[in-house]
Amino acid sequence: MINLQDILAARERIRGHVAVTPCPFSRPFSDLCGAQIHFKLENLQRTGSFKERGAANKLALLTPEERARGIVAASAGNHAQGVAVNAQRLGIQATIVMPETTPLIKAQATKSFGAKVVFFGTSLADAFVEARRIEKEQGAVFIHAFDDDAIIAGQGTAGLEILEQVPDVDVVVGSIGGGGWLGGIAVAVKAMKPSVRVVGVESALVQKMRAALDAGAPVLVPAASTLADGIAVSQAGDRTLPLFTRYVDEIVCVDDEEVANAILLLIEKEKTVAEGAGAAPAAALLQHKLKGLRPALKVVCVISGGNIDVNLLARIIERGLVKEGRRVMLAVRVPDRPGMLASILQVVAVERANVLEVHHNRAFLAGPVGDTEIDLTLETRGADHIESLIATLSSRGFKVTRR
């Protein structure tokens, strides 16, 4: 089990190579969450996540003979880039095994740092097996994503920064993948300020650390597809579980809808882009999963990464707008004759809604042949505005259905 001295030594090794990320106060989230919220912005690292910390420390500890053999890792994203950028800096040949389903943008980013990318299998578990095969057959040094003391110590350097940036912090909230990230932070924080409450956040679909704590040993839980894919690890680490047993005070979980809402609010209120795993702690705070928070408490919410696919981000934003009543689809059934669309749009204009899309449905409509259904996608100002719009259309004799 690592200790504070390991983390302090790691900070000296990575100094100048890994950014000291900011930890600003957030007025909007403080008002929403009922405490003084600060965000530790690891999404501002060069590769967009905290993974650079552990990789930089681990690679710095390799002997000249190990560096000459090259390294290999299995990852679908952030660990891959953290390893690759530090290997490039140190002149070490890196091979990263990625599942064949890895988004192209992540593979390209890893290649841009000079790593050799090998695609294998359809899951991270498949990639892990192949990376271990390369380790044995080619003699490369395997770099584990979380279950390695040097990796954990490197991640723990963020905990030192948190205490320096918010000395009177009361609560630290971070996400849980395999446990190396929050485990390292917890060691640093608890060693220097034992009164700090450390809270971990898991995806509700993959609660591997909760299962491990309950069983007293790492447990393999079923894999699941989740928006917080960066923490969708199916089993806690042998080295990370003892850290949680000793240093982490509680664990809460969040679902995908809560994570999506947090991503949207971080963009809108904080101008901060977070991936699903990075937004999970903010989701827990927004949903008041942490009991006992009050306005005087200082909370550091760690945004672990911001590497989110832009297409996924666009879908999250659209769904969030629908949920907040800022976008709506209405189906209006009318006789199919000239002037009906103009009549509907006149009402929409009076109600000050903005038309985004219009679609006529004739062929697939049940009922009288002479009818048509006009689907309107509208930009609105909220739930009350939508209700007002529907009421006005209905008062004019239109049959309205909200999609």
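The values are calculated or read from the model by the stated rules, or taken from the named source; none is laboratory data. This structure is a prediction, so every number in the text was calculated from the model and none was measured. Glycine also receives a Cβ, built like all others from the backbone with ideal geometry; neighbour counts cover every protein chain displayed.
Close contacts from segment 20-40, counting a first residue that is at pLDDT 95 or above and a second that is among the acidic types (Asp, Glu) and outside any helix (DSSP H, G or I), with Cβ to Cβ under 7 Å and a gap of 6+ residues or different chains, come to none at all.
The residue that is surrounded by the most Cβ atoms within 10 Å (Cβ to Cβ), counting only those in segment 271-290 that are farther than 21 Å from Ile185 by Cα and over 13 Å from the mean Cα position of the chain (by Cα), is Leu286.
Of the residues Gly82, Gly121, Gly114, only one is touching a helix residue (DSSP H, G or I) at 6+ places or on another chain (Cβ under 9 Å), assigned to a helix (DSSP H, G or I) and either modelled with pLDDT under 95 or of a type in the set (Gly, Ala, Ser) (or both); which? Write out each step before concluding.
Numbers: Gly121 fails: assigned to a helix (DSSP H, G or I); Gly114 fails: assigned to a helix (DSSP H, G or I).
Result: Gly82 is the single residue among Gly82, Gly121, Gly114 that is touching a helix residue (DSSP H, G or I) at 6+ places or on another chain (Cβ under 9 Å), assigned to a helix (DSSP H, G or I) and either modelled with pLDDT under 95 or of a type in the set (Gly, Ala, Ser) (or both).
Quick check on Ala191: is it aliphatic (A, V, I, L, M) and crowded, with 20+ Cβ neighbours inside 10 Å? Taking the combined requirement at face value, the residue does not satisfy it.
Condition check: small (Gly, Ala, Ser), loosely packed, with under 12 Cβ neighbours inside 10 Å and assigned to a helix (DSSP H, G or I). Does Ala363 satisfy that?
Here the answer is no, as Ala363 does not meet what is asked.
Looking only at residues in segment 367-387 that are part of a helix (DSSP H, G or I) and surrounded by fewer than 16 Cβ atoms within 10 Å (Cβ to Cβ), the one that is nearest to the chain's Cα centre (by Cα) is Ala383. Residues that are without any contact (Cβ under 8 Å) to a residue 60 or more places away in the chain and aliphatic (A, V, I, L, M) were ranked within segment 248-263; the one that is surrounded by the fewest Cβ atoms within 10 Å (Cβ to Cβ) is Val252. At least 1 residues being in contact with a Pro (Cβ under 6 Å, 6 or more places away or on another chain) is the threshold, and among the helices (runs of 4 or more DSSP H) wholly inside segment 138-234 those reaching it are 208-215. Look at segment 159-175: where a residue is farther than 24 Å from Glu275 by Cα and a partner is part of a helix (DSSP H, G or I), sitting 6+ places away or on another chain with Cβ atoms under 6 Å, you get Leu163/Met192. Asn57 meets each of the listed conditions (1) part of a loop (DSSP other than H, G, I, E, B); (2) not assigned by TED's automatic domain parsing to the domain that holds Ala228 apart from (1).
For segment 108-130, a tally of residues being under 20 Å from Leu90 (Cα atoms), within 21 Å of the chain's Cα centre (by Cα) and hydrophobic (A, V, I, L, M, F, W, C) returns 1. Selection within segment 338-366: residues that are among the charged types (D, E, K, R) and over 19 Å from Ser394 (Cα atoms). The member of this set that is nearest to the chain's Cα centre (by Cα) is Glu357.
Being part of a loop (DSSP other than H, G, I, E, B) and under 16 Å from Ser112 (Cα atoms) is not true of Ile96. For the subset of segment 336-360 comprising residues that are in a loop (DSSP other than H, G, I, E, B) and either modelled with pLDDT of 95 or more or in contact with a helix residue (DSSP H, G or I) (Cβ under 7 Å, 6 or more places away or on another chain) (or both), which member is surrounded by the most Cβ atoms within 10 Å (Cβ to Cβ)? So, considering only residues that are in a loop (DSSP other than H, G, I, E, B) and either modelled with pLDDT of 95 or more or in contact with a helix residue (DSSP H, G or I) (Cβ under 7 Å, 6 or more places away or on another chain) (or both), the one surrounded by the most Cβ atoms within 10 Å (Cβ to Cβ) is Ala353. Only residues that are part of a loop (DSSP other than H, G, I, E, B) and in contact with a strand residue (DSSP E or B) (Cβ under 7 Å, 6 or more places away or on another chain) were counted across segment 257-289, and they come to 5.
When Leu330 is tested against (1) surrounded by fewer than 21 Cβ atoms within 10 Å (Cβ to Cβ); (2) at pLDDT 95 or above, only condition (1) is not met. Within segment 292-313, residues that are closer than 15 Å to Thr272 by Cα and outside the structural domain of Gly77 (by TED's automatic domain parsing) reach partners that are among the basic types (Lys, Arg) and modelled with pLDDT under 95 with beta carbons closer than 9 Å, at six or more positions or on different chains, in the pairs Asn307/Lys106; Asp309/Lys106. The condition of being at pLDDT 95 or above, loosely packed, with under 15 Cβ neighbours inside 10 Å, polar (S, T, N, Q) and under 29 Å from Gly292 (Cα atoms) holds for only one of Thr245, Thr240, that being Thr245.
Taking segment 291-310 as the range and being over 15 Å from the mean Cα position of the chain (by Cα) and of a type outside the set (A, V, I, L, M, F, W, C) as the test, the residues that pass are Lys291, Gly292, Arg294, Pro295, Lys298.
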